[in-house]
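Input: a single structure, listed below in C-alpha cells.
Quick note: the coordinates plus some simple rules give every number you see, no bench work behind them. Remember, predicted model here, so these are calculated numbers, not experimental data. All Cβ positions, glycine included, derive from the backbone under ideal geometry; neighbour counts span all protein chains shown.
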Amino acid sequence: MTGFSRRIEEISISGIREVFEAAGEDAINLGLGQPDFPTPEHARRAAVDAVEAGRADGYTSNKGTRALREAIAAKHDRDNGFAVDPEDVIATAGGSEALHVALEAHVDPGEEVLVPDPGFVSYDALTRLAGGTPVPVKLREDLTLPPEAVEEAITEDTAAFVVNSPANPTGAVGSEADMREFARIADEHDVLCLSDEVYERITFGRDHHSPLTDAESDNVVVVNACSKTYSMTGWRLGWVTGSTRRVERMLRAHQYVQACASAPAQYAATAALSGPQDVVDEMVTAFERRRDVLLDGLADMGLETPTPQGAFYAMPRVPEGWVEETIDRGVVVVPGEAFGAGGAGHARISYAAGIETLKEALEVMGAATDAVR
Ligand SMILES: Cc1ncc(COP(=O)(O)O)c(C=O)c1O
C-alpha cells in the first residue's frame, strides 16, 4: 500500500503561508522575510554575462566553483576574522539547503536538536526530516537565546543546538559573551553548534560575533547565504562551512539532493561577495530607520517591543486577538506561535517595507489595538 513516511507526516506547510493566503489582495504585507531592495546590479550582471558566454550551462563542482568558494573564504576573513579553506565550503541552494545537509549529516533518528523558541520554522521541520526530535529552548525577556538554558537542556541524546543571531523572528542579536559561551558549550559537551548567520551583516550599532571564532574543537558549523545580505532570496544561493571531516559528510547529502548550486546564481554570488559592499551598508541604514519608525509607532500604541538589533523583524507583545484583527483590517503580520509555543502572545512584523508603507500599516495596527483592548 502506498503511504507517506512518518517523517513527512510530522511536518506541515509553514503557518506563515496560511497567513498570506488569509489576507486580501490589497493587504499591506509585513509578513515577508525578504528585503525589498533589488539585487546589486554588478551581481545580476555577472550572472547575465556568464549565461551569455555559455559559462553557466553545465554542472559546477559539487561544492561550487572554486572562485565562489574563494570569495566566501575571503568574506569570512574580512567580516568574521576567521580563516576558512575554500575546500571546506559547500555552496548550497540557499541557507535552507545548508541547514538541511548540516542536520542530515549530524543527526541520527531519535537524537535531539535544541532549537530557539520562538525560532525560524525550518529548524523544527528539518530536524524531524532527519528523524530527530526538536527540543525548544525558551528565550530571555529580551528574546536572546540564553546559553545557560541551552547547556541545561543538553542530554546524552543531544546531537546539536541551533544558534541564530541576528535572529528570525525576533531581530535579537546575541552578545559576544553569549556567542563565546555557545562555543564553549559545543567544545565541552561535544555537541554540534549549528550557527545560522544569514542575517549576520544586518545589525544596528553592534557587530555579529560568530561562535566559530572561539571554538577550540571543530564542533561549530556555520550556515550563511547571499539571500538577505544582498537581497538575493530568489537566486537560491547559500553555503555551509566547517571542518574538513564535517564538510565531507555534508557533501554526501548535498551531492545526492542537489548535485551543485545553480551555476548562474554562483556567478552572481561571487560578484556580490567580492564586489563593492556599500550596497549592504545602504540597506542596513534604511532598515535601521524603518525599525525606529516601527518601534516608535508600536510604543505609541502601548505595545511593548524588545528592541531588535538586527535582521528586519520586530516582535511586540500583543493582546489577545490582535493578529487576527490586524490581518482583518488589511495588514499581514505573523502570529508568534507560528515560530513555536514560546512565540505565543507576540506577533512578528517585518519591516522590509518602505517608511510610507510602514506608517500606513501603523495606522491600521493602532486601530486594531484600540479594537481589541
Ligand atoms: C534564520 C533563517 N535562516 C535561514 C533562512 C533561509 O534562507 P534562504 O532563503 O537562503 O534559504 C531564513 C529565511 O528566511 C532565515 O530566516
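Are there any helices in the chain, counted as whole DSSP H runs, that stretch 18 Å or more along their axis by Cα and score at least 0.5 on average by Kyte-Doolittle, and if so which? Kindly include the intermediate steps, with their values, before the conclusion.
Numbers: long enough: 94-106 (19 Å, 0.17); 176-189 (20 Å, -1.08); 244-257 (20 Å, -1.02); 278-300 (33 Å, -0.11); 355-372 (25 Å, 0.55).
Once both thresholds are applied, what remains is 355-372.
How long are the semi-axes of the equivalent ellipsoid of the chain, taking √(5λ) for every eigenvalue λ of the Cα gyration tensor, in whole Å from largest down? Spell out each step's value before the answer.
On the way: eigenvalues 200, 128, 83 Å².
The answer is 32, 25, 20 Å, longest axis first.
List the lysines whose Cα lies under 16 Å from the Cα of residue 228, skipping any in the same chain that are fewer than 8 positions away.
75
So, in nm, how far is label residue 157 from label residue 82 when the simple model puts each one 7 Å beyond its Cα toward the Cβ?
2.9
Skipping prolines and chain starts, which residues have an amide H placed within reach, meaning under 5 Å, of the one on residue 348, given they are 5 or more residues away or on another chain?
Those lying under 5 Å, H to H, from residue 348 are 334, 336.
Just to confirm the filter: which GluC sites (Glu not before Pro) across the range 210-292 are DSSP coil and have at most 13 other Cβ within 10 angstrom of their Cβ? Don't jump to the answer; show the numbers that get you there.
Values: sites: 216, 248, 282, 288; in loops: 216.
When the GluC sites (Glu not before Pro) of the range 210-292 are filtered for loop state and at most 13 Cβ neighbours within 10 Å, 216 remain.
Given H placed on each backbone N at 1.01 Å, which residues far from residue 29 in sequence or on other chains put an amide H within less than 5 Å of it?
Amide H to amide H, under 5 Å and 5 or more residues apart or across chains, residue 29 pairs with 332.
What is the antiparallel percent of DSSP beta bridges lying wholly in the range 126-278, to the nearest 5? Walk me through the numbers before you get to the answer.
On the way: 4 of 13 bridges.
Expressed as a percentage, antiparallel bridges in the range 126-278 total about 30.
Quick query: amide H of residue 139 versus all other amide H atoms, modeled in the peptide plane; which residues come in under 5 Å with a sequence gap of 5 or more or a different chain?
Distant-sequence amide H within range of residue 139: 117.
Compute the relative contact order of the range 184-255 as a whole-number percentage, counting only Cα pairs closer than 8 Å that sit 6 or more residues apart in sequence.
29 percent.
What does the extension gain come out to for residue 216 and residue 70, with contour length at 0.36 nm per residue minus their alpha carbon separation? Display every interim value, and only then the final one.
Working: separation 146, 0.36 × 146 = 52.56 nm, distance 2.37 nm.
The span from residue 216 to residue 70 would gain 50.2 nm if fully extended.
Once the piece of chain linking residue 243 and residue 281 is laid out straight, how much longer is it, given 0.36 nm per residue of separation minus the C-alpha distance between them?
Computed gain between residue 243 and residue 281 is 10.6 nm.
Given the chain, what percent of its DSSP beta bridges are antiparallel, to the nearest 5? Show your work: numbers first, answer last.
On the way: 14 of 34 bridges.
Looking only at bridges with both residues in the chain, the antiparallel portion is about 40 percent.
Per 0.36 nm of contour for each residue apart, how much would the distance between residue 206 and residue 370 grow if the chain were fully extended, relative to their Cα-Cα spacing? Walk me through the numbers before you get to the answer.
Details: separation 164, 0.36 × 164 = 59.04 nm, distance 3.50 nm.
Between residue 206 and residue 370, full extension yields an extra 55.5 nm.
Picking from 204, 274, 239, whose Cα lies most toward the positive end of the charge dipole for the chain (charges on Cβ: Lys, Arg +1; Asp, Glu -1)?
It is 274, whose Cα lies furthest towards the positive end.
With a 10 Å radius around each residue's Cβ, average the other Cβ atoms per peptide and rank 46-55, 88-97, highest first. Mind dumping the intermediate values first?
Details: 46-55: 14.8, 88-97: 24.6.
Peptide ranking by packing, descending: 88-97, 46-55.
What relative contact order, as a whole-number percentage, does the chain give when Cα pairs under 8 Å and 6 or more residues apart are counted?
Working: 755 pairs, mean separation 92.0, N = 373.
The normalised contact order for the chain reaches 25 percent.
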